[in-house]
Amino acid sequence: RGRLLTFLAEPRAVDDHGSYVYEGDGALLVEDGVIVASGAYAEIAPDAGGAKTIDHRPHLLLPGFVDAHAHFPQMQVIASFGTELLDWLNTYTFPAETRFSDPAHAARIAGLYLDELASHGTTTAAVYCTVHPESAEALFAEAERRNMCMIAGKVMMDRNAPEALTDTAQTSYDDTKALIARWHGKGRLNYAITPRFAITSSPEQMEMAQALAAEHPDLHIQTHLSENHAEIAFSQELYPDCTDYTGIYEAYGLLGATSLFGHCIHLSEREADALSDSGSVAVFCPTSNLFLGSGLFDYQRYRRREKPLRIAAATDVGGGTNYSMLRTMDEGYKVIALKGEKLNPLASFWQITRGNAEALSLDTRIGTLEAGTDADLVVLDAHATPAMRLRMETVETLAEELFVLQTLGDDRAVVETYVAGGAVKSRL
Ligand code: GUN
Ligand code: FE
């Protein structure tokens, strides 16, 4: 029981009241991890049916947050000083990822990562593991134990990285096949074919990614695209026959409606058209893009161009500096402001719930509070800190309350997180 908020469509403005459903005294009836009824408390009357009522009034109940791009093996990379993308990878990230050949280390970090997600209200994420199949084993095993809807994959990388962090075209294919067979579709788990980016995959490995995608057309594909100028130049040098960076992935058949491209900051119009025509998703990673000095993602232009892009939002931990989708959208708001635009708070909360679920093609299961969907929920308190309480004294509307949550909120504003109906933050 609490104040329910769920989105029906992307809100076009703060007064777009048709884009969401709000119940001031609402309830969700949950059975076996699924929402079986959703609406006004008086109508659902869960107590009458003998259900145990958890009273979250006066807090807000929303669908759990979705993070569309993160690297769980980079928990110890966050806050590494002083570099841009390619130096950051070589100096900090690759050494940290090397440790994931050890299954005990992988299991420890996988558990801590999913704890952080729970603590920050994130119930689903699209996650990069390391090159080691052990790292994917660890994450999937831990996510299955917690009943989470996760997307993840072992990174494919066979060049331009330390020896200890490279596979080969053939082993990347074989290991990916084995992981798909073992984990895809098990519980709520989804496997993502994960070539890291063009720089670390040889043409032979890209062909293997293409073969995997052709053999498993329903699977997600995740990679990085157009994040940093040096990265773009090096990619084009490595694939001189391709028109542009996007053209590399295009040449290997990797664009499509289940393809997730991290960053997409410096796209040409041709590249944006190619992403749009194929239904590919551009993933906005504001804290990472700012931290690594990569650039400003033009969210509003991508949305409004003649051929609009499908967009998701993500932390990109550990290039990203926070696990929180609230902190992520706060930084996102500022990036969009630097482009002379404003993202209204309703659109922001739509993005990190239903919007991201749609971008990940998971919206029939998650991202809403509709009956029949999985009970992945977040409970938010806009009065969680002294600064928030003070600011809330002058707040009148729901949109304003959401904006306070986004601007001042973090894990302290997350009262509870439910995964498939089970409390995972307080472990009630
Ligand atoms: N490009 C290739 N690998 C990575 C990574 O781990 N993080 C980021 N931000 N960009 C990448
Ligand atoms: Fe990334």
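Express in whole angstrom the spacing between the alpha-carbon centres of region 393-428 and region 1-77.
11
Over region 332-428, what is the mean sequence separation of C-alpha contacts under 8 Å (at least six apart), divided by residue count, expressed as relative contact order in percent?
Here the relative contact order equals 25 percent.
Cut-off under 12 Å on the C-alpha distance; same-chain residues fewer than 8 positions from K339 excluded. Which aspartates and glutamates are left, in chain and number order?
D298
About the Cα centre of region 1-72, what is the dipole size in debye to 20, counting +1 per Lys and Arg Cβ and -1 per Asp and Glu Cβ, all else neutral?
Roughly 140 debye for region 1-72.
Evaluate region 45-100: find the radius of gyration of its Cα atoms, find its Kirkwood radius, and give the ratio Rg to Rh.
Expressed as Rg/Rh, it is 1.38.
Top mean-square fluctuation among G82, G253, G319, Gaussian network model of the chain, C-alpha springs under 10 Å?
Highest fluctuation of the listed residues: G82.
So if each residue of separation counts as 0.36 nm, and I subtract the Cα-Cα distance between A48 and V36, what length gain in nm does that give?
2.8 nm is the gain from fully extending A48 to V36.
Under a 10 Å cutoff between Cα atoms, tell me which one of G332, G50, G111 has the largest fluctuation in the Gaussian network model of the chain.
Per the Cα network of the chain with a 10 Å cutoff, G50 tops the list.
Largest first and to the nearest Å, give the Cα extent of the chain along each principal axis.
63, 45, 38
Please tell me the relative contact order of the chain in percent, rounded to the nearest whole number, where contacts are Cα pairs under 8 Å and at least six residues apart. Walk me through the numbers on the way to the answer.
Working: 952 pairs, mean separation 86.8, N = 428.
Contact order relative to length: 20 percent.
So if I place +1 on the C-beta of Lys and Arg and -1 on the C-beta of Asp and Glu, and nothing else carries charge, what would the dipole magnitude of region 77-177 be about its Cα centre? I want it in debye, nearest 20.
Charge dipole of region 77-177: 220 debye, to the nearest 20.
Within region 133-151, name every residue whose backbone N is under 19 Å away from a label modeled 7 Å from Cα of A181 along the Cβ vector.
Under 19 Å, as judged by backbone N against the label point of A181, lie 133-138, 140-141 of region 133-151.
If I take every Cα pair under 8 Å that is 6 or more residues apart in region 87-229, average their sequence separation and divide by the length, what percent do I get for the relative contact order?
Values: 223 pairs, mean separation 30.1, N = 143.
Relative contact order comes out at 21 percent.
Just tell me which aspartates and glutamates come within less than 13 Å, Cα to Cα, of K425; anything on the same chain fewer than 8 places away is out.
D115, E116, D376, D411, E416
Can you put M388, M325 in order of Cβ neighbours within 10 angstrom, beginning with the fewest? Working shown, then result.
Numbers: M388 20, M325 32.
Lowest count first: M388, M325.
With +1 on each Lys and Arg Cβ and -1 on each Asp and Glu Cβ, how big is the dipole of region 226-294 about its Cα centre, in debye rounded to the nearest 20? Walk me through the intermediate numbers first.
Working: 1 positive and 10 negative charges, 46 e Å.
The calculation lands at about 220 debye.
No lab work stands behind these numbers, since they all come straight from the coordinates. Keep in mind that what you see is a predicted model, and the values were worked out from it rather than measured. Glycine gets a Cβ as well: all are built from the backbone with ideal geometry, and neighbour counts include every protein chain shown.
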